[in-house]
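Have a look at the structure below, then the notes.
The values are calculated or read from the model by the stated rules, or taken from the named source; none is laboratory data. Owing to the predicted nature of the structure, the values given are computational and were not obtained by experimental measurement. No Cβ is skipped: glycine too gets one built from the backbone with ideal geometry, and neighbour counts run over all protein chains shown.
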């Protein structure tokens, strides 16, 4: 009898490693709680950036079979931009997205990615900002990890900014001496002055009235904003300068990132590339629809096909940019070399 028990025990001892070797990883995966990451952003319902965060969360959960989940907090639920960035630095928030300049409080030169007229097109803007393919963005990411414990993960596209005015504009000469609204930030003031105009800071909440009363003769915004703010009521022309491509960067607390297994890190990056490319398609679809609505409201579009001198704008604005931000020139030159 003892011999039978000993034989049975020996079989179990031999079989046990085989069982765990064959199914240990799966059992461990099934028995482990999912990694849940708090993801914050300031976008409201209906925005491209909100769709991006929601789609990314779904895609990551699908790709990781539920091992990694994003708990998305939109509409500044965890604070405004500054609070969000500080929260990610401290680890109170794991992830989030905004434009590169939001990280300028830790690395002032990070705002170079928001510079006007440094990108050839949408594809170039995406490649230049994505730390997975851009050596410039990768260097910024590595330095940011050391300085603030924050890692850049990827980007998505929010659209290009266009110029609007009460009269047709074809070159910087047409804006000389005219007051145009600038976002109350130095980079925007530099850009408007480079365009030839007198930069006049006006908050977005006061812009419609300022355009209506002639305090400023023009402004710049994405087409979606121009329509949403009903600027067609006080503006007649839109110049398709695409002077700024809004590429928003997704970033994560470094300690939160290192808690994720390498295999799932790879899946997260894979999901981000997919949703990044989809965001470009979303913007294109929205732009086509909004452009038609603006034309229906009586606005006239001016582009290179009917006389817009993009090269003159680019040359003038970059000259002013290098004058006001001399440290950025080497970065811009490297960004422009990215293919």
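Quick check: anything in the stretch 261-274 modelled with pLDDT of 95 or more, part of a strand (DSSP E or B) and closer than 17 Å to residue 127 by Cβ? No; the residues of the stretch 261-274 include none that is modelled with pLDDT of 95 or more, part of a strand (DSSP E or B) and closer than 17 Å to residue 127 by Cβ.
Okay, residues lined up against (1) more than 21 Å from residue 151 (Cβ to Cβ); (2) at pLDDT below 95; (3) in contact with a strand residue (DSSP E or B) (Cβ under 6 Å, 6 or more places away or on another chain):
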{"site": "53", "(1), (2), (3)": "no, no, yes"}
{"site": "57", "(1), (2), (3)": "no, no, yes"}
{"site": "97", "(1), (2), (3)": "no, no, yes"}
{"site": "105", "(1), (2), (3)": "no, yes, no"}
{"site": "108", "(1), (2), (3)": "no, yes, no"}
{"site": "112", "(1), (2), (3)": "no, no, no"}
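Taking into account only those residues within the stretch 182-204 that are under 20 Å from residue 99 (Cβ atoms) and surrounded by fewer than 17 Cβ atoms within 10 Å (Cβ to Cβ), which is farthest from the chain's Cα centre (by Cα)? Among those residues, the one meeting the criterion is 201. Counting only residues that are surrounded by fewer than 16 Cβ atoms within 10 Å (Cβ to Cβ) and either in contact with a helix residue (DSSP H, G or I) (Cβ under 9 Å, 6 or more places away or on another chain) or outside any helix (DSSP H, G or I) (or both), the stretch 323-336 holds 6 of them. The residue pairs whose first member lies in the stretch 110-135 and is in contact (Cβ under 8 Å) with a residue 60 or more places away in the chain and on the phi > 0 side of the Ramachandran plot, whose second member is in a helix (DSSP H, G or I) and surrounded by 16 or more Cβ atoms within 10 Å (Cβ to Cβ), and whose beta carbons are closer than 7 Å, counting only pairs six or more residues apart or on different chains, are 117/313; 117/314; 117/317; 117/318. Return a yes/no flag: does the stretch 134-153 have any residue that is under 12 Å from the mean Cα position of the chain (by Cα), surrounded by 22 or more Cβ atoms within 10 Å (Cβ to Cβ) and in a strand (DSSP E or B). Yes. Of everything listed in (1) out of contact with any helix residue (DSSP H, G or I) (no Cβ under 8 Å at 6 or more places or on another chain); (2) crowded, with 16+ Cβ neighbours inside 10 Å; (3) farther than 16 Å from residue 261 by Cβ; (4) at pLDDT 95 or above, the single unmet condition for residue 61 is (3). Go through the stretch 279-318 and give me each residue that's touching a residue at least 40 places away in the same chain (Cβ under 8 Å), out of contact with any helix residue (DSSP H, G or I) (no Cβ under 7 Å at 6 or more places or on another chain) and part of a helix (DSSP H, G or I). Listed by number, the residues that qualify are 314, 318. Being modelled with pLDDT of 95 or more, touching a strand residue (DSSP E or B) at 6+ places or on another chain (Cβ under 6 Å) and part of a helix (DSSP H, G or I) is a description that applies to residue 257.
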